[in-house]
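A.B. asks: There's a structure below that I have some questions on.
Only the coordinates and a few stated rules stand behind these numbers; no lab work does. What you are looking at is a predicted structure, and each value in this text was computed from that prediction instead of being measured. For neighbour counting, all protein chains shown are included, and Cβ atoms are generated from backbone atoms with ideal geometry for every residue, glycine included.
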């Protein structure tokens, strides 16, 4: 079985908490809850809202810094970097198409599911 992949939409059971928190924040960036230029909650505030250890949240935030998706202003806070949403979207598409989609299509074939019907497309005659 393939190892779990980092994906906003697919968080396997047993995944480290900091990655789950990272996925939640990434999803919020993608859906516009945290728009580009917006300040992220402080580590302590986010930890309290998620009932998580602040060190765990700090580890999740550090990944965003390492990837250039957030900018830190010392003494002020952490802000979503310009282009962060598009960079995340690009990465998520790659993960989905390379790792998740093949598994989904294989399962659809096994279950004899018609993609057009699932998508609500009109039947072809």
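A.B. asks: Where Rh is the Kirkwood radius over the Cα pairs of segment 17-118, the temperature 25 °C and the viscosity 0.890 mPa s, what D in µm²/s does Stokes-Einstein return? All intermediate terms of the calculation are to be shown ahead of the outcome.
C.D. replies: On the way: Rh = 15.2 Å.
The Stokes-Einstein estimate is 161 µm²/s.
A.B. asks: Using only the Cα atoms of segment 37-78, each taken as one equal point scatterer with no solvent, compute I(q) by the Debye sum, divide by I(0), and report log10 of the ratio at q = 0.18, 0.19, 0.31 Å⁻¹.
C.D. replies: Result of the Debye calculation: -0.48, -0.53, -1.15.
A.B. asks: Based on DSSP H runs of at least 4 residues, each adding -39500 (n - 2.57), what is the mean residue ellipticity at 222 nm of the chain after dividing by all its residues, to the nearest 500 deg cm²/dmol?
C.D. replies: Details: 6 runs with 61 residues, N = 125.
Helix-only estimate at 222 nm: -14500 deg cm²/dmol.
A.B. asks: In what sequence do 94, 50 fall when counting other Cβ within 10 Å, fewest first?
C.D. replies: On the way: 94 12, 50 17.
Least to most surrounded, the residues fall as 94, 50.
A.B. asks: Explain nothing, just the number: relative contact order of the chain, from Cα pairs under 8 Å at least 6 residues apart, as a whole percent. Walk me through the intermediate numbers first.
C.D. replies: Details: 110 pairs, mean separation 29.5, N = 125.
Relative contact order of the chain: 24 percent.
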